[in-house]
1. For B:W205, A:W232, which order do you get if you count the other beta carbons within 10 Å of each Cβ and list the fewest first?
2. Quickly rank C:160-170, B:120-130 as a protection proxy: mean count of other C-beta atoms within 10 Å, highest first.
3. So if I place +1 on the C-beta of Lys and Arg and -1 on the C-beta of Asp and Glu, and nothing else carries charge, what would the dipole magnitude of chain B be about its Cα centre? I want it in debye, nearest 20.
4. Which of these, B:G283, B:G24, B:G71, has the largest mean-square fluctuation under a Gaussian network model of chain B (Cα springs below 10 Å)?
5. Ignoring solvent entirely, what values of log10 I(q)/I(0) come out of the Debye formula for chain B at 0.09, 0.11, 0.12, 0.13 Å⁻¹ when each Cα is a single scatterer?
6. Modelling each spin label as a point 7 Å along the Cα-to-Cβ direction, I'd like the C:Q76/A:K217 distance in nm, to one decimal.
7. Sort B:K307, A:K241, B:K77 so the one with the fewest other Cβ atoms within 10 Å of its own Cβ comes first.
8. May I ask for the angle, rounded to the nearest 10°, between helix B:149-166 and the longest principal axis of chain B, with both axes built from Cα atoms and the value confined to 0 to 90°?
Amino acid sequence: MLETLPITKEEICKPENLVYSRTHLMTDAALSYCPGCGHGTIHRMIMEVIDEMNLQADTIGVAPVGCSVLAYEFLNIDMQQAAHGRAPAVATGIKRLMPNKFVFTYQGDGDLAAIGTAETIHACNRGENITIFYVNNGIYGMTGGQMAPTTLPQMKTATSPFGRNVETMGYPLKITELIAMLPGTYFVTRQSVHTAANVRKTKKAIQKAIEYQKLNKGLSFVEIVSNCNSGWKMTPVEANKWMEENMFPFYPLGDIKVPK
Amino acid sequence: MSATKDIRLMKGNEAFAEGIIRAGCDGYFGYPITPQSEVLEYLSIQKTKERTGMVVLQAESEIASIHMVYGGAGCGKRVVTSSSSPGISLMQEGFSYLAGAELPCLLMNVVRGGPGLGTIQPSQSDYFQAVKGGGHGDYKMIVLAPASVQEMYDFTKLGFDLAFKYRTQVMILSDGAIGQMMEKVELDEQIPRLTDEEIIKKYPWVTTGKTSDRERNYITSLDLNPARHEILNRKFQAKFKKIEQNEVRFERIDCDDAEYLFVAYGSSARVCEKAVQLGRAKGIKIGLLRLITLFPFPYDEVARLAKQVEGILTIEMSAGQMIEDVRLGVNGAVQVEHFGRLGGIMPAPEEVLNVMEEKFIKTKVYA
Amino acid sequence: MTEEIIIAGFGGQGILSMGKILAYAGMMQDKEVSWFPSYGPEMRGGTANVIVIISDERISSPILNQFDTAIILNQQSMDKFEDTIKKGGLLIYDPNGITRHPVRTDIDIYTIDAAYESSRMKSSKVFNMIVLGGFLKLKPLIDPEHMHLGLEKSLPSRHHNLIVENEKAIEKGKEIIMPKYLLN
C-alpha cells in the first residue's frame with residue numbers, strides 16, 4: 001500500500017508540518033509503565049509545564065516508591081528518590097534549604113495515603129511551600145495489585161480477592177479532602193488524564209500549583225485519579241470506563257480548595 | 001584565663017548544638033527525646049536563622065527528621081539530626097537509604113538504656129546497632145565516640161569533614177552521661193556556611209536544579225540491574241576499606257608499661273581513667289585504650305597491646321558488645337573479659353578496678 | 001587539689017543550679033570542673049542530685065561513688081549518700097526535715113539552717129546560695145571575686161539584678177554554718 005501514497009515520509013516530516021513534539025524534559029528512556037497507564041501522560045504534563053515556565057534549572061523533584069520509583073529515569077531534571085512514603089519529608093528538607101527552587105513530590109496512593117500518611121499530613125499542615133502530585137489508582141500497582149488505602153469497597157485486589165470488606169479492611173481514605181481541611185494547604189484539586197479535555201484541565205492545575213509555589217503560598221496538592229488496567233485486570237478502555245463509573249463517584253473530580 | 005579564648009561551661013548536648021552551628025551547619029531536623037532534647041532547645045533559642053542562616057525544624061517524628069536530612073544532604077548541604085536510642089531505631093530506614101545514596105550527614109545518638117522504651121539513663125547498648133549496621137543492607141557508617149563535652153563539640157566539625165570526604169554518614173555515639181554533664185568547652189571561630197555556588201563547585205553530584213552545562217543529577221539507592229548493583233556495592237565496600245585504613249582514632253592512657261588493660265569508650269572510658277589512677281596508686285600497672293572511632297575499629301592497636309599485657313577487661317554499659325571487636329583484634333593472644341552495668345547504671349571507678357583485680361590479678365596470685 | 005562533691009535533695013531546692021554556679025565559679029578561677037546531674041523524671045519534683053568536681057588537674061571520671069564532700073538536703077539523700085563520703089570527708093546538711101541524723105564518726109559533720117534562714121530573708125530562692133556559702137566557709141576553694149563571676153556567667157542577664165541578693169545569701173551561709181555537735 002505504501003508505494004501508492006501520494007507523498008513520502010520525508011515530505012511529511014518537515015519542520016513546517018510539526019504540530020507537536022515531546023518536551024526535551026522527558027529523557028529518551030522508554031517508559032516502564034504498562035500500556036494504557038496514566039503515569040506517562042502525567043509525567044509529560046508536569047514536564048511540559050516546567051519547560052514552558054522555564055524552570056528546569058530551578059526544579060528538584062522527589063520520586064516515591066511505587067510504579068513511579070524510576071521517575072528520575074524519565075524526567076530530565078534533578079531528582080531525589082525517597083524511601084516509601086517519605087517524599088514529603090525529603091521535599092521539606094530540600095525546600096527549607098533551597099527555598100528558591102521549585103520542589104515537588106510525585107507519589108502514588110499507597111506511598112502517600114498509607115505508609116506516608118504522617119509525612120503527608122504534617123508537610124501539608126506545616127504549609128511547606130512545595131507541590132505534591134498525587135496519582136490515585138486505588139491499588140498497589142508495582143507490587144502486583146494489592147489492596148491500597150484508596151481501594152473502593154467491594155473492589156477485588158490480590159489481597160482482597162473477595163472484594164474489600166470495609167468491616168474488616170477499613171474504608172477507602174479520602175486523603176485529599178482530609179488535607180484540604182488543613183490551614184497549611186493553599187490549593188487542592190482532583191483531576192484525571194483519561195481524555196484530552198481532562199489532560200488540558202490537569203495541565204492548568206499543574207500550572208496553578210507551580211505558580212502558587214513561586215508566590216510562596218504554601219502547599220499545593222494535585223490529585224490525579226488514574227487507572228491501573230494491569231492491577232484492575234482490564235483492558236485500558238475498560239479500565240477508563242470502570243474508573244468513570246466507579247472511581248469518579250467516590251473521588252469526584254474538580255477543585256477542592258481554591259485560593260479565596 | 002586567656003582573654004582571647006572563648007571558654008564556656010556547657011552540657012554535652014549544648015556543646016554539640018553550638019558545635020554544629022559553628023561548623024557551618026545548614027540545617028538541623030529533629031524530634032524531642034530525653035536525654036538529648038537540649039540539642040533542639042538550644043538551637044531554637046539561638047535564633048540560628050539570624051545568626052548564620054541555619055535552618056532548624058522540629059519534625060513530626062524521627063522518621064521524618066532523617067528523611068528531611070536526606071533531602072538536604074542530596075542538595076550538598078551540611079545537615080544534622082540527633083536523637084536517643086528509640087528514636088535512632090526509627091531512623092534506621094533513613095540511614096540505610098543515606099548509605100545507599102552515599103549522602104554525607106552528621107548524626108548523633110545520645111544513648112539511653114533499652115530494649116524498648118527502656119530507661120532514660122545512660123547506656124552503651126547501641127554499639128552493635130551503630131557499628132555493625134542497624135538498617136538493611138551492607139553498609140557502615142563512621143562512628144565517633146566522645147568522652148567529654150569538649151569532644152561533643154570538636155567532633156561536629158570532624159564529623160562534617162569526614163562525612164564529605166567519604167560521602168558517608170558520620171554518627172556521634174554519645175550517651176546520656178556525656179550529653180547531660182557540664183564541662184569546660186573551648187569554642188572556635190564560626191566557619192561560614194557554604195554558598196550554593198560553592199557547594200555546586202565542590203560537589204558536582206548534588207541536586208540543585210539541572211543546568212544546561214551538565215547532565216541531570218539524581219540521588220537514589222535503587223538499581224535493579226544485578227550486575228551494576230554488585231559493582232555499586234563493591235564500591236561501597238572499597239570506601240569502607242579506605243576509611244578503615246585512614247581514619248582509625250584512639251587514645252592510649254598509661255599504656256606504655258601497662259600489664260593490664262582496660263578497653264572502653266565514651267563515659268565508661270572516663271570511669272576507667274579514674275580506675276587506672278586508683279590502680280596505679282596501689283602499684284598495679286594498668287593502662288586504658290580509649291576508642292575514639294568505633295568504626296573503624298582499632299584492631300591493629302588492640303592486637304599490639306594484646307601481645308604486651310596479661311589481661312584485657314572491656315568496660316561497657318551493655319551486656320558486652322564492643323568486646324566482640326576487641327576479641328577479634330586480640331585473636332586469642334590474651335584473655336579478654338567483659339564487665340558492664342545495665343539498666344542505666346554507670347559503673348564506678350572502684351568497681352571496675354575491683355573487677356580487674358578479681359578477674360586477673362588475684363587469680364594470678366593463687367595460680 | 002581535687003574536690004569531689006555530691007549535692008543531693010529534692011527537685012526544686014536549687015540543687016542543680018547550686019552545682020552549676022559552683023562549677024562556673026571554679027571555671028572562672030581556672031580550675032578544671034565537671035557537673036554531672038541526675039536527670040529525667042527526678043527533675044520534676046523527686047530527688048535530684050549533682051556531682052561537681054573541681055580540680056587543678058584533668059578530671060578523669062565525672063561519675064563517682066566516693067566523695068570528699070556531701071551536701072545533703074533531704075532524708076532520702078541522707079540515707080543514700082551518708083556512706084559514700086570518704087573517710088575524713090565532710091558532710092553538710094540542713095536539719096530541717098531530717099528525721100534520722102547522720103551517725104558517722106569518721107567524717108566532719110556540719111549543719112546549716114538554710115531553709116529557716118531563707119524564709120527569714122523572705123526569699124526561698126536563695127536557700128541554695130546559703131548552703132553554698134556554708135560549704136565555701138569550710139572549703140574556701142573559690143574566692144569571692146570568682147564566685148561573683150560564676151554567678152554572672154550562670155545566671156541569665158535578666159536575673160543579674162539578683163546577684164547582690166545571692167552574694168548576701170552566700171555570706172549569710174558562711175555565718176550560720178556550724179558543727180553538728182552544737183545542734184541540740
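1. In increasing order of surrounding Cβ atoms, one gets B:W205, A:W232.
2. Numbers: C:160-170: 16.4, B:120-130: 23.8.
Peptide ranking by packing, descending: B:120-130, C:160-170.
3. Approximately 540 debye in magnitude.
4. Sorting by GNM fluctuation, first place goes to B:G283.
5. These q points yield log10 I(q)/I(0) values of -0.52, -0.76, -0.89, -1.02.
6. About 5.7 nm separates the two model spin labels.
7. Listed from fewest to most nearby Cβ atoms, that is B:K307, A:K241, B:K77.
8. The angle comes out near 50 degrees.
Only the coordinates and a few stated rules stand behind these numbers; no lab work does. Because the structure is predicted, anything quoted here is derived from the model rather than measured. Counting neighbours? That spans all protein chains shown, and the Cβs are built from the backbone with ideal geometry, glycine included.
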